[in-house]
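J.: For reference, the structure I am asking about is given below.
The values are calculated or read from the model by the stated rules, or taken from the named source; none is laboratory data. What you are looking at is a predicted structure, and each value in this text was computed from that prediction instead of being measured. In this analysis, Cβ positions are derived from the backbone assuming ideal geometry, glycine residues included, and neighbour counts consider all displayed protein chains. Accessible surface is based on the protein model in full, side chains and every heavy atom, while ligands, DNA and RNA are left aside. Shrake-Rupley method; radii C 1.70, N 1.55, O 1.52, S 1.80 Å.
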Amino acid sequence: TRVRSSAASDVYKSQRIIGTGSAVPDFIVKNEAFETFLDTSDEWITTRTGIHERRIHEGNLEQLAAIAAKRALEDAGLLPCDIDFIICSNVYSRFMTPALSCVVQGLIGAGCPCLDINGACAGFIYALEMANAYLKHGSYKNILVLSAEEPSRMADWTDRSTCVLFGDAAAAAVVTSGGFECLFSMHTESNVEFLHAYNSPGNCPFERTGRKHEAVYMNGREVYKFAVNAATNDIIALCSNAGVELCKVDWFILHQANLRILDAVRARLTQPKEKFPHNMERFGNTSSAGVPLMLDQLNRDGALNRGDVIAMSAFGAGLTTGACLMRW
């Protein structure tokens, strides 16, 4: 695992988060709904995932993303014109081009350059690291980091092992240059076999591969092992590099994919349950929006105190992992 940072004494000019926001669809799908068309049950889903319900978006994702962005700006006390750059983490939306960030920029009335990235479920942390680099360089002052995801549209709704996992959401954070530590650990282990979703092949008359549309596929057993090992190792490496004891971390905000993964990481780190907040039971796996959605919930609940040490970790297709250690 590669840890990106300066020496511990040099990281105090890194970014700080000054505002968060999120938005989830109104339409709630409880586990019992799947019993009407799949061979499954609420007990089967809950015991394997910890998920009780999820939100499914019935409209266009850019509208949800714009709401989350506006709420983050409001929380930061900024106007759209104050944002110098937008980085959006997105795996799937109705737009192949232009980038989703460009669409959201227009919806919120900003006038800055925009960029989309696809880091799968680790995308928010990848985008946060990019923002950190821009801020350290002095290129921009205020950056909107946005994650907007609708994995429900990538799922095969006849496959009980995957469609029950996902929910849709958007979440954002406004970051600016400040005086708090911020270290990152990023890693990619090229592996398409365990987790992938293929794009539509289109209707080109010269296409000869025979590709057809395929929904998301996941080898749950292998992804579980990868996720637990990666999150544990990344967090330990970051804390060691920063000279921070695990017991001094106030919050461990992990990708909200599966409660069993979260519990396994917590057990390996030997940390108390209250340091590992989770909301996948209400929202399901919202891809890269999961970490910032959890962060915004903590922020708005008043749970975060200035100076709190936060460790964030996520994993996704690639296989990618991203982790961040920062002060609130």
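J.: List the residues, sorted by chain then number, that are 5 or more residues from Leu319 or on another chain and whose placed amide H is less than 5 Å from its amide H.
T.: Glu189, Ser190, Asn191
J.: When the convex hull of the Cα atoms of the stretch 173-265 is projected onto a plane and the area is averaged over all directions, what value comes out in nm²? Please report the intermediate quantities before stating the final value.
T.: On the way: hull surface 39.5 nm².
Value for the stretch 173-265: 9.9 nm².
J.: Something else about it: Accessible area per residue, 1.4 Å probe, Å², for the stretch 101-223: what's the number?
T.: On the way: 5550 Å² over 123 residues.
Result: 45 Å² per residue.
J.: How large, in percent, is the carbon and sulfur part of the accessible surface of the chain at a probe radius of 1.4 Å?
T.: Working: 7100 of 14260 Å².
Accessible surface attributable to carbon and sulfur in the chain totals 50 percent.
J.: Which value, in debye to the nearest 20, gives the size of the charge dipole of the chain about its Cα centre, when Lys and Arg are +1 and Asp and Glu are -1 at the Cβ?
T.: Working: 30 positive and 36 negative charges, 144 e Å.
I would put it at about 700 debye.
J.: Kirkwood Rh over alpha-carbon pairs of the chain, then Stokes-Einstein at 4 °C and 1.567 mPa s: what D in µm² s⁻¹, rounded to an integer? List each step's numbers first, then the result.
T.: Numbers: Rh = 19.9 Å.
In µm²/s, the coefficient rounds to 65.
J.: So, taking all protein chains as they sit and a 1.4 Å probe, how much accessible area belongs to Lys225, in Å² rounded to tens?
T.: Rounded to the nearest 10, the figure is 100 Å².
J.: Would you tell me the accessible area of Met154, worked out with a 1.4 angstrom probe on the heavy atoms of the protein chains, in Å² to the nearest 10?
T.: Here the residue's solvent-accessible area equals roughly 40 Å².
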